[in-house]
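The structure appears below as structure tokens.
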Amino acid sequence: MSRVDVTIEAGGRARLCAIGLFVVQLFWNAELPAQTDKEFEEWQQKDQQDFQQFKDENDRAFLEFLQKDWREWQGFQGIVPDKIPKPVELPVAAIPPPAPIPPRVEEKPAPAPPPPPAEPEVPPVPEVPTPEVKPPPAGVPQEQGEFEILEFSFFGMNWRMSYGVALKAGLGESLDKDSISAFWKALSLAPYEDCLRQAQEIRARTDLNDWGYYQLLQQIGSGLYEGEQNQAILFVWFMLCKSGYQAKVGYDQDRVYLLLPAEQTLYNTSYFTFGDNRFYEVAAASGKAPNLYTYDGNYPGADKGLDLRVGRPPRIGRDTLAKTLKFTFEGQEYQVPVQLERGAVDFYAHYPQTEFKVYFDASPSPEAQTSLVQSLKPTVAGKTEAEAVNLLLCFVQTAFGYQVDDQQFGREKFLFLEETLFYPASDCEDRSILFAYLVRELLGLEVIGLDYPGHVATAVRFSEEVPGDFVLCQGRKFMVCDPTYINATLGMVMPQFKGVDPQVILVRL
């Protein structure tokens with residue numbers, strides 16, 4: 001993969017200043033006699049020192065803001081998505097008589113199963129090459145021109161990057177708005193652009209979403225500040241603001257907190273409210289955040305919130321795990337070998353709990369996708385839509401252990417597809433997410449999620465008429481399919497949800 005160079009633009013005046021200085025330097029070197037070199041170097045040193053001090057108008061304005069507009073803000077308890085507990089024991093339906101299956105229009109021998117799709121070639125993730133360490137330009141103070149190498153691990157992958165030693169700013173003995181403002185000033189005067197460019201290059205090479213980028217900056221900050229948590233958090237805040245994110249920090253007596261807005265709701269995560277926006281204390285697992293001293297304002301031009309969607313799976317690590325899942329359908333035993341990427345499991349381990357749609361729409365890793373398709377495609381080949389859906393229901397209902405999240409994790413945790421394949425147990429929303437993916441991928445049918453009080457199921461839109469319970473969505477009939485209701489076939493609803501209108505989760509096709 002070719003190197004990705006990302007330009008970080010500063011203020012317009014700063015860019016013109018830099019370009020003008022470069023042009024003047026070329027002209028001077030080409031046209032003026034040698035005896036003027038000393039005068040030029042003195043002028044250049046003074047000009048570059050001034051440029052370094054005032055290189056970003058946004059930093060100057062924001063620094064003035066930070067030095068005055070702080071006050072105490074109230075923190076709020078994290079939002080709980082559903083207070084009704086899930087059943088600890090799996091509900092089991094009485095084995096129903098075989099549902100009438102609509103006859104085929106034309107009886108023909110079942111076609112031979114198609115060959116499994118070729119496993120997509122996944123390009124290797126190269127290590128970011130160490131940028132050439134160049135001597136500081138003339139006129140830049142030596143302490144700001146010195147560079148060192150940081151080596152760090154990120155989800156099992158080893159990286160090397162250069163950084164200006166001036167980035168390792170101190171915080172002072174007291175923690176207040178003055179020390180935080182001084183930290184921002186020190187970083188804004190340091191050569192942070194190269195570090196930011198390398199971080200964004202790693203992000204591009206590993207397909208990290210916003211949450212992954214935040215975690216990457218956390219890892220870099222921890223390496224730079226060697227366990228100094230407050231400085232590491234302030235570093236992440238600075239770099240996120242410079243990346244266009246609407247980040248804030250707050251502090252109490254001895255700790256700095258990072259506050260981030262999000263495009264989706266974050267559950268069980270304490271937050272602060274500024275205007276109509278929630279800013280989440282993303283490092284807090286649960287509970288109410290303490291009241292903090294912070295500010296109501298943003299770095300100029302930084303207006304993005306975290307987007308928790310997973311449009312492409314992260315390409316981190318190459319530790320592939322294999323397991324075989326087993327289930328029995330209509331008297332026949334099936335074995336389903338699957339593979340998954342351990343790096344993806346680790347990536348999702350502490351993912352903030354967010355809206356169901358994020359999980360339903362997430363793209364699985366190539367390993368998981370390919371192995372599931374290769375293993376299950378032959379089992380549904382030649383079957384009607386109803387037969388194929390019932391087979392997939394049986395697979396998801398019986399091939400996995402069942403535990404509610406409090407039993408398995410000690411907290412509520414929605415699982416991405418790789419996690420459901422990895423962990424020994426899952427519950428209703430995890431199975432619904434997996435089932436919805438299989439129906440879309442293997443059968444090409446539309447699926448929606450059904451969010452009942454204390455339970456999540458799915459519904460499928462068939463192209464043929466089938467009997468059973470259904471819900472209407474946008475004027476179209478979707479047949480209820482419950483991957484947690486053992487022995488239930490399509491069209492069967494748990495008795496306690498008969499007549500209950502669920503909230504519909506729209507799922508991409």
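The values are calculated or read from the model by the stated rules, or taken from the named source; none is laboratory data. Just so you know, these numbers come straight off a predicted model, no measurement behind them. Virtual Cβ from ideal backbone geometry, glycine too; neighbours counted across all protein chains shown.
Scanning the stretch 153-163 for residues that are touching a strand residue (DSSP E or B) at 6+ places or on another chain (Cβ under 8 Å) and either surrounded by fewer than 21 Cβ atoms within 10 Å (Cβ to Cβ) or not assigned by TED's automatic domain parsing to the domain that holds I180 (or both) turns up S153, N158, R160, S162. Scanning the stretch 483-509 for residues that are crowded, with 21+ Cβ neighbours inside 10 Å and either outside any loop (DSSP other than H, G, I, E, B) or of a type in the set (F, W, Y) (or both) yields Y485, I505.
For first residues located in the stretch 459-479 and outside the structural domain of R431 (by TED's automatic domain parsing), partners that are surrounded by 16 or more Cβ atoms within 10 Å (Cβ to Cβ) and lie 6+ apart or on another chain with Cβ distances below 9 Å do not occur. Within the stretch 302-316, restricting attention to residues that are in a loop (DSSP other than H, G, I, E, B) and among the hydrophobic types (A, V, I, L, M, F, W, C), the residue that is surrounded by the fewest Cβ atoms within 10 Å (Cβ to Cβ) is A302. Whether a residue is over 30 Å from D252 (Cβ atoms), in a helix (DSSP H, G or I) and at pLDDT 90 or above was assessed, and E193 passes this test.
All conditions in (1) closer than 22 Å to I149 by Cβ; (2) over 15 Å from the mean Cα position of the chain (by Cα); (3) surrounded by fewer than 20 Cβ atoms within 10 Å (Cβ to Cβ) hold for N230, with the sole exception of (1).
Flag: V358 matches the condition of being touching a residue at least 60 places away in the same chain (Cβ under 8 Å) and more than 30 Å from E464 (Cβ to Cβ). Which residues, taken from the stretch 406-437, are farther than 22 Å from T320 by Cα and surrounded by fewer than 17 Cβ atoms within 10 Å (Cβ to Cβ)? Answer for the stretch 406-437, where residues must be farther than 22 Å from T320 by Cα and surrounded by fewer than 17 Cβ atoms within 10 Å (Cβ to Cβ): D406, Q407, F409, G410, R411. Only residues that are among the hydrophobic types (A, V, I, L, M, F, W, C) and under 21 Å from V80 (Cα atoms): list them for the stretch 415-455, please. Within the stretch 415-455, L415, F416, C428, I433, L450 qualify.
Taking the stated definitions as given, is V439 modelled with pLDDT of 95 or more, in contact with a Leu (Cβ under 6 Å, 6 or more places away or on another chain) and of a type in the set (A, V, I, L, M)? Yes; evaluated as a whole, the condition is true for this residue. When you check Y295 against the structure, is it under 30 Å from I180 (Cβ atoms), crowded, with 21+ Cβ neighbours inside 10 Å and in contact with a Phe, Trp or Tyr (Cβ under 6 Å, 6 or more places away or on another chain), yes or no? Against the criterion (under 30 Å from I180 (Cβ atoms), crowded, with 21+ Cβ neighbours inside 10 Å and in contact with a Phe, Trp or Tyr (Cβ under 6 Å, 6 or more places away or on another chain)), Y295 does not qualify.
For Q215, the test of being assigned to a helix (DSSP H, G or I), modelled with pLDDT of 95 or more, closer than 24 Å to K357 by Cα and not assigned by TED's automatic domain parsing to the domain that holds Y359 is passed. Taking the stretch 173-220 as the range and being in contact with a Pro (Cβ under 8 Å, 6 or more places away or on another chain) and under 25 Å from R60 (Cα atoms) as the test, the residues that pass are D194, Q198. Take the residues in the stretch 164-181 that are buried (at least 17 other Cβ atoms within 10 Å of the Cβ) and hydrophobic (A, V, I, L, M, F, W, C), then tell me which one is farthest from Q198 (Cα to Cα). Per the criteria, the residue is L175. The stretch 323-416 holds helices (runs of 4 or more DSSP H) entirely within its bounds, and those carrying 2 or more residues that are modelled with pLDDT of 95 or more and farther than 22 Å from A457 by Cβ map to 342-348, 366-380.
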